[in-house]
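Visitor: Structure below; questions to follow.
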Amino acid sequence: MPIRQKLEDAAVLLPDEVDLLMKVFAATAVDGETDDDREKRASRIIANYQLGIRDEKELIELSRRPLGR
């Protein structure tokens, strides 16, 4: 799963942080996504989290948008 690898590469996170990010990743899945799409989505989720966004609903909403918008 792309987000698991990115989380391992990103930094040390607590188990509850990883659980939240995995939950957001699952909630934002889109039918027919390519591997590249999943990688980009995982990167958006992690980037938003690193910016300090901790609310699950907000992470889901923002992670559906392309970075930089």
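The values are calculated or read from the model by the stated rules, or taken from the named source; none is laboratory data. Fair warning: this is a prediction, and the values are worked out from it, not measured in the lab. Positions of Cβ are backbone-derived with ideal geometry, glycine not excepted, and every protein chain shown enters the neighbour counts.
Visitor: Keeping to region 2-35, report how many residues are among the polar types (S, T, N, Q) and modelled with pLDDT of 70 or more. Don't jump to the end; show me each part of the working.
Guide: Pass one, region 2-35, residues among the polar types (S, T, N, Q): 5, 28, 34.
Those left that are additionally modelled with pLDDT of 70 or more: 28, 34.
Residues in region 2-35 being among the polar types (S, T, N, Q) and modelled with pLDDT of 70 or more: 2 in total.
Visitor: Given the structure, is Ile60 of a type in the set (Val, Ile, Thr) and farther than 21 Å from Val12 by Cβ? Walk me through how you get there before you give the answer.
Guide: On the way: of a type in the set (Val, Ile, Thr): yes; farther than 21 Å from Val12 by Cβ: yes.
Spelling it out, Ile60 is indeed of a type in the set (Val, Ile, Thr) and farther than 21 Å from Val12 by Cβ.
Visitor: Which residues, counting only those in region 42-66, are more than 19 Å from Val30 (Cβ to Cβ) and surrounded by 13 or more Cβ atoms within 10 Å (Cβ to Cβ)?
Guide: Tyr49, Ile53
Visitor: Could you check how many residues of region 31-41 are surrounded by 10 or more Cβ atoms within 10 Å (Cβ to Cβ) and not in a helix (DSSP H, G or I)?
Guide: Count: 1.
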